[in-house]
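Each reported figure results from applying straightforward, stated rules to the coordinates on display, with no laboratory input. Being a predicted model, the structure only gives us computed values, none of them experimental. Cβ sites come from the backbone with ideal geometry, for glycine too, and all protein chains shown count toward neighbours.
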Amino acid sequence: MGRSENFTKFCHGGLIVTSTLLLVVSLFSRQGLSENSPTLISFGTETLEPLTPDHEISIVKSIPVLSPTTITPSELADIPPIPPLQTLNFADFSRQGVSGESCNFGNCPTLAQAAPINIPPQVPQPDPNRDRFLPRPPIPPKPEPPPNPELTPTPTPAPTPSTDETPIPVQRINVTGSTILTLEEIKTLVSPLENTSTTLTKLREFADKITAIYLERGYITSRAIVPEQTINNGIVEIQIIEGTLENIEVEGIKRLHPSYITSRINLGAAKPLSTAALEDQLRLLRINPLFETVEASLRAGTQEGQSILIVRVVEAPPFGVSLNVDNYSPPSIGSERMGISVRHLNLTGRGDFLGLSYNTTRLIANGDSDIIDALYSIPINPMNGTIQLRVQPYQNRITQEPFNALNIEGKSQRYEISYRQPIIRNPISEFALSFGFAYQDSQTFLDNNGEPFASGPDSKGYTRTSVLKFGQDYLIRDTQGAWALRSQFNLGLDILGATDVSTPNAAFLSWLGQVQRVQRLGENNLLIAQGDIQLSADPLFPSQQFVIGGALSLRGYRQNVRAGDNGFRISFEDRITLDRNKDSEPVFQLAPFLDFGGVWNHDRNPNQIIGKTFLAGAGLGLIWQPVSGLNLRLDYGIPLISISDRGNNIQDDGIYFSVTYTP
């Protein structure tokens, strides 16, 4: 089949799946009136009590994102972010290839298979399929479910003097200054008073009625008044003063630049000032890991209709470190690994993130693998559009018998730049587009001499790829859980010395998709369902293939047991909480699970997949947090489909463990 036909088939199928995944859920005329004698109204003030410098309206003391009776932060840590690109890593030599394994700071663990880790998760967890996604910002905010916000009750009307009962003939009422009320609403409001004789008291009551409408719609700093005026021809003016935000005063900041806070709050400070829009931006700040607490209140400004927002913050400690031990590495290079991650959340005061991690299999058992991951990201606009740079050198050597005698090694360097821009962003949902470019230079060695081990690399074992990426991700939360959907198109370009000596080569087109649902089933029961799929129009290098097998992919089998140009994986995990701490956060959970998936190669790929290509496993996980910051996880998976190439590693027995400590 020709490449053009493959491309047509691929695009048609990919776009259909993408469309399924990415559900990206006045003025008035005047009428002629009869003439009446002019009437002077000299009490042009509103009757509702205005804000004063000593009167603050609390906007944010504690802001809910999910209902307090539904999901706690440790149960529903944010849907895992789109992880970074994949790097070279040796899998089982029996596959005649290499498969990627890399993670950055918190991007790899999935809700379905990772122990709950406080923001920001620090332990790199291998999941090659998600590693090829463009990254979201490395420290995604997590929703918290505190109590409902407290708002000051609506001020009571001031008493009206009895001298305001003088009859006033009214033919028409003009309501001015409103951008919220429609023409039909205004007509309905004014019609009972037009062509009647009324009083100043009733006009003020009418203005209060309009003010109440604004209050009900969340515009608590807007009000209607009866201004001082001379009534000609029975025409009375009711003026609406729509509230605006005069200034934002930030208290409590130490290292962070004030503009980081004010620019984001200003997104919700349009005229007229809406507390709903303002609270949305304050919620996003409150769930931002840069802050421990965020509180806010409104105070009267220097001009009529203007308010000053007082924001009080407590910054979170910017520096953090995390230690980890697990057996999430392929047995061929040493399954047990140790690692350390350090990070700074606010390097220059602009909310920029710097992280560095190192993971090795040298220190436990018989392994030889080293991964260094350096990442820097900086937000460049109030919507959290983020530029990210990443460098990842990596080396490993086959230590599994009998292949260790061949002295097989692999080295890789990867460089990546990406930009992610949210289009919609609020505490309930987020939709973003991502663009990125990744360059990877890998080489395999046999007894210190460059040597290819499959079709595709050049005669010296070099594999160079230049990949352009376009991603979309959508997240929506509800009181019972959350949906996350991701899609990414990958286009391999024949530039920068990309490998093009045989098939497969560096010119390719593929698509990755992911959907995840976290669903509350009961007070102590949380279901996590997840699906991944990859479709490719061309044969792929092993570093771009879809991989199944391992603790974070398909339990019951060793890490990266199968890989192919195309593939899918579906996972279900039910977290049952048996014990909680004094803050009602789970400390001990059972997690029965079911995983299954399959892979297949493109018709033109000369490299064969050895063994069965559809696998399934089921088992039970234990999640325990004995003390704050220490997370333990143990999984036991039973393979439901037997394979002939099982080894003698504990992964082949379906046993996986993870220990993470974040002081």
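Key figures for this structure:
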{"item": "Ranked by how many other beta carbons lie within 10 Å on average, peptides 411-423, 541-553 from highest", "result": "541-553, 411-423"}
{"item": "Ranked by how many other beta carbons lie within 10 Å on average, peptides 649-655, 399-405, 490-496, 221-227 from highest", "result": "221-227, 649-655, 490-496, 399-405"}
{"item": "Share antiparallel - DSSP beta bridges, the stretch 244-315, percent rounded to 5", "result": "55 percent"}
{"item": "Binned Cα-Cα distance frequencies in the stretch 545-662 - 10 Å width, integer %", "result": "14, 38, 27, 15, 5, 1"}
{"item": "Relative contact order %, the stretch 545-662, counting alpha carbon pairs below 8 Å whose residues are six or more apart", "result": "26 percent"}
{"item": "Above-threshold pairs, the threshold being 22 Å between Cα atoms, out of Lys460/Lys612; Lys202/Lys271; Lys411/Lys460", "result": "Lys460/Lys612; Lys202/Lys271"}
{"item": "Kirkwood Rh, Cα atoms: Rg over Rh of the stretch 167-241", "result": "0.95"}
{"item": "The stretch 165-321, Rg to Rh (Cα coordinates; Rh as Kirkwood inverse mean 1/r)", "result": "1.16"}
{"item": "For the stretch 167-241, share of DSSP beta bridges that run antiparallel, in % to the nearest 5", "result": "60 percent"}
{"item": "Largest-first principal axis extents, alpha carbons of the stretch 244-315, Å", "result": "35, 21, 17"}
